[in-house]
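A.B. asks: Okay, here's the structure, questions in a sec.
What follows is calculated from the coordinates using simple rules that are stated; it is not laboratory data. Quick caveat: nothing in here was measured; it's all calculated off a predicted structure. Using ideal geometry, Cβ is built from the backbone for each residue, glycine included, and neighbour counts are taken over all protein chains shown.
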Amino acid sequence: MIVHISHAPAAVQRQLIDSLRIGQVPPKFLYDGERQTEKWLAVHRAHSPSRTDAGVQSIYDLAFDESLGQAAGESVCLVGLGCGGGQKDTRYLPRLKSVHPVIDYVPCDVSEAMVKVARKAAAAELPLERIHPLVCDLANAPDLGQLLDAIVSPQTKRVFTFFGMIPNFEPDVILPHLAATLRDGDLLLLSANLAPGDDYRRGVEAVLPQYDNAETCDWLLSFLEGLGVPRTAGQLRFGIEEVDGLLRIIADFDFVETHKSSVAGESVEFAAGHSLRLFFSYRHTEQILAKCLAKHCFDVVGSQIDFSGEEGVFRVKQA
Ligand SMILES: C[S@@+](CC[C@H](N)C(=O)[O-])C[C@H]1O[C@@H](n2cnc3c(N)ncnc32)[C@H](O)[C@@H]1O
């Protein structure tokens, strides 16, 4: 397993402490460690439409099938950016195997525990020597392209997946990184949570209740417990927020009593009456997503939208 410098423990701890002090938790911390990984995988199993809804599974399968055919007969490298437990990438592998003689797979995630789960899942489809686990903070790895070239020959055709990631990042932060990592001829498949219907805000309001469930609350509160904050110190509140014309679901923990935690030897105080932003997830419409991507020179060349209008898989190329 390769661990990129962006995951160096001292820098990661510093970022966590500084973020907690300004009342924000960067999403990557929610997935960090065995316990958080287990809790999130439980959320995914119970609530991810890609696991629970055959219609959503089918849009991934259609997008996979549509992506095949280019460079058939040549070797290919599948790079799963923010691979999570690797369920979607692993579903893609047999299809890639049907047209490419040699496949390498780079499961890449900021969570080492998650990368291990993805590696194990992919081992059902590929020999272990063709799986190259990579732990990396995608928002802090300007040399990711070079690193990938060192793992698999730069001549190899590459397919990137970026599933469920767009909601977790500020678009203007992650899309330039993505643009810098891809090179001519690379293919990118990404998925986004969409707001169903014609009215953007109403669409987001309609999906809000989906987030307030036992597994998601347990995942978020277990992160706080990991910091030594008891669940009784406050209350979790879900809502909708607008940022630069984009709507996102948020979850804040409102402290009803003051609590002091020790994080990596430093004291962090959470004052009664203050909130800690634990979670955000952007919802796009197809048009809004295409506009965000175009701003960073990405063109949508194919899309599959679920029947409910709540999830889409997009085939994207650099303009
Ligand atoms: C919503 S999950 C999506 C997982 C998977 N792609 C899927 O669709 O099932 C988000 C994933 O992104 C990872 N992640 C969050 N922030 C990250 C970052 N800054 N760099 C790399 N991975 C990150 C998390 O560890 C988690 O596995």
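A.B. asks: Could you give the angle, 0 to 90 degrees to the nearest 10, between helix 9-21's Cα long axis and the longest principal axis of the Cα atoms of the chain?
C.D. replies: Taking Cα atoms only, the helix is inclined about 50 degrees.
A.B. asks: Using per-residue counts of other Cβ atoms within 10 Å, averaged over each peptide, order 88-101, 171-184 from highest down.
C.D. replies: Values: 88-101: 18.0, 171-184: 16.4.
Final packing ranking: 88-101, 171-184.
A.B. asks: On to the next question. If one takes the longest principal axis of the Cα atoms in the chain, at what angle in degrees, from 0 to 90 and to the nearest 10, does the Cα axis of helix 214-226 lie?
C.D. replies: Between the helix axis and the principal axis of the chain, the angle is about 70 degrees.
A.B. asks: Assuming a ≥ b ≥ c are the square roots of the Cα gyration tensor eigenvalues, decide whether segment 31-131 counts as rounded (a/c under 1.5), prolate (otherwise, with a/b larger than b/c) or oblate.
C.D. replies: Oblate is the answer for segment 31-131, as a/c is 1.5 or above yet b/c matches or exceeds a/b.
A.B. asks: If you don't mind, another one. Can you work out ³J(HN,Hα) from phi for every residue in segment 180-187, in order, using Karplus 6.51 cos²θ - 1.76 cosθ + 1.60 and θ = phi - 60°, giving whole Hz and x for Gly and Pro?
C.D. replies: 6, 7, 7, 10, 3, x, 6, 10
A.B. asks: While we're here: Which lysines does Lys116 reach when only Cα atoms under 21 Å apart count, and residues fewer than 8 places away in its own chain are ignored?
C.D. replies: Partners within reach: Lys28, Lys39, Lys88.
A.B. asks: Let me ask something else about it. Give me the percent of DSSP beta bridges within the chain that run antiparallel, rounded to the nearest 5.
C.D. replies: 60
A.B. asks: Right, something else. If you restrict to DSSP beta bridges whose two residues both lie in segment 174-319, what percentage is antiparallel, to the nearest 5?
C.D. replies: Bridges in segment 174-319 that DSSP calls antiparallel: roughly 95 percent.
A.B. asks: Oh, and also: How much length is gained if the chain between Arg91 and Asp199 is pulled fully straight, taking 0.36 nm per residue apart and subtracting their Cα-Cα distance, in nm to one decimal? Can you show the working numbers first?
C.D. replies: Working: separation 108, 0.36 × 108 = 38.88 nm, distance 3.32 nm.
Taking 0.36 nm per residue and subtracting the Cα distance, the gain is 35.6 nm.
A.B. asks: Could you give me D for the chain, from Stokes-Einstein at 20 °C and 1.002 mPa s, where the hydrodynamic radius is the Kirkwood radius over C-alpha pairs? Units µm² s⁻¹, please. Each step should come with its number before you reach the end.
C.D. replies: On the way: Rh = 20.3 Å.
It diffuses with D of about 106 µm²/s by this estimate.
A.B. asks: Can you list the residues, at least 5 places off or on another chain, whose amide H is less than 5 Å from the amide H of Cys77, using H built in the peptide plane?
C.D. replies: Excluding prolines and chain starts, which carry no amide H, the hits are Asp104, Lys157, Arg158, Val159.
A.B. asks: Please work out how much length the chain gains when fully extended from Ser58 to Gln15, using 0.36 nm per residue of separation minus the C-alpha to C-alpha distance, in nm with one decimal.
C.D. replies: Value of the extension gain: 11.6 nm.
A.B. asks: Which aspartates and glutamates, on any chain, are close to Lys97 with Cα under 17 Å apart, when same-chain ones fewer than 8 places away are left out?
C.D. replies: Asp61, Asp65, Glu66, Glu74, Asp89, Glu125, Glu129
A.B. asks: To continue, here is another question. Between Ser281 and Val3, what's the calculated FRET efficiency when r is the beta-carbon distance and R0 is 25 Å? Round to 0.05.
C.D. replies: Efficiency at R0 = 25 Å is approximately 0.40.
A.B. asks: How charged is the neighbourhood of Gly164? Take every other residue with its Cβ under 10 Å from the Cβ of Gly164, and add Lys/Arg as +1 and Asp/Glu as -1. Intermediate values should be presented prior to the final figure.
C.D. replies: On the way: positive: Lys88; negative: Glu311.
Taking every other residue near Gly164 into account, the sum is 0.
A.B. asks: Under 19 Å Cα-Cα from Lys260, which aspartates and glutamates qualify once same-chain neighbours fewer than 8 residues away are excluded?
C.D. replies: Cα-Cα hits under 19 Å: Asp18, Glu225, Asp252, Glu269.
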